[in-house]
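Structure, as structure tokens:
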Amino acid sequence: MGVPDPNKELVNKKGIRLDGRKADQIRPISIEAGVLHRADGSAYLEWGGNKVICAVYGPRELNPKRFQESDKAVVQVRYGMSAFSTSDRKRPGPDRRSQEISKVIADAFENVVLTEKFPRGAIDVQVQVLEAAAGTRCAALTCAAVALADAGIPMKGLISAVAAGKCNDHIILDLMQEEDNYGNADLPVGVNHTTGEIVLLQMDGHLSPAEFEKALDLAVAGNQQVVQVQREALMKRFHATLDAQEVA
Ligand code: ADP
């Protein structure tokens, strides 16, 4: 989140945003599962201007052994942004932001993956942002959930994430780049669609308690739109697999 600019009209008087969306609309989103043949599970996602690819490996034995947990698997997430993913070339390699995002995504999946089924194991999730346009942590988590399901990793439910925020006194869903840069607040929210639990909740900027409640409700409702696209991607993938097995 950049410096808020109260003079920049990000939402007009009719409540329409710079890209023509209403407050409660998400950007166009598409997901394809099973795009990488050497990974155990994978997915590719496009969401607004974001392009994200995810590969899942495992469950396998965690090495070195000193990192093993005797009663469960460890979900290891590596979120990275390619040097060419932003308008200014991003310095390649891990930085504090990518470590933070990797950790919050890993924490979200630790709550959802049935890790106790794989003691001493590791499940590796590698997410690469090829093009970034705000909301990449939500895009990465959403893409990773499909890749984990594609890998057949048992989970308590499918999870997705989308941000809500505040611009020009409007509470809006799924911030685009200008809204993220010049708006007042950004609230990424991840939801487990089976249990209804919140699995990711962060906040950048300022919201009153009433605004926070409104933004949270908007993000939770927005996640219903996102999970629909995840489910369609998985249905398509499993139908394609079944068709291939019938031919063989
Ligand atoms: P998120 O991508 O989850 O919204 P941030 O709020 O940290 O996370 O970043 C907002 C947006 O700012 C990113 O999606 C990306 O478009 C841009 N951005 C982030 N880091 C950099 C960077 N190092 N260089 C240029 N742009 C960046």
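Somewhere in the range 148-155, is a residue within 16 Å of the ligand (Cβ to nearest atom) and buried (at least 20 other Cβ atoms within 10 Å of the Cβ)?
The answer is no; no qualifying residue exists.
Being under 28 Å from His206 (Cα atoms), surrounded by 15 or more Cβ atoms within 10 Å (Cβ to Cβ) and either free of Cβ contacts under 8 Å to residues at least 12 places away in the same chain or over 16 Å from the mean Cα position of the chain (by Cα) (or both) is a property that holds for Arg17. So, of the residues in the range 62-93 that are more than 12 Å from the ligand (Cβ to nearest atom) and in a loop (DSSP other than H, G, I, E, B), which turns out to be nearest to Phe118 (Cα to Cα)? The extreme case among them is Ala73. Under the condition of being without any contact (Cβ under 8 Å) to a residue 60 or more places away in the chain and of a type in the set (Ser, Thr, Tyr), which residue from the range 76-132 is surrounded by the fewest Cβ atoms within 10 Å (Cβ to Cβ)? Residue satisfying both the conditions and the ranking: Ser87. Glu9 fulfils the conditions (1) crowded, with 20+ Cβ neighbours inside 10 Å; (2) closer than 22 Å to Asp180 by Cα; (3) not β-branched (Val, Ile, Thr) except for a single criterion, (1). Hey, Leu201 hits all of (1) within 16 Å of the ligand (Cβ to nearest atom); (2) farther than 27 Å from Glu32 by Cα; (3) not polar (S, T, N, Q) but one; which does it fall short on? Going through the list (1) within 16 Å of the ligand (Cβ to nearest atom); (2) farther than 27 Å from Glu32 by Cα; (3) not polar (S, T, N, Q), Leu201 breaks only (2).
On the basis of being surrounded by 15 or more Cβ atoms within 10 Å (Cβ to Cβ), modelled with pLDDT under 95 and at negative phi, does Leu45 make the cut? Judged against the criteria, Leu45 is not a match.
The values are calculated or read from the model by the stated rules, or taken from the named source; none is laboratory data. In this text, all values refer to a predicted model and were calculated from it rather than measured experimentally. A quick note on method: Cβ atoms are made from the backbone with ideal geometry, for glycine too, and the neighbour counts reach across all protein chains shown.
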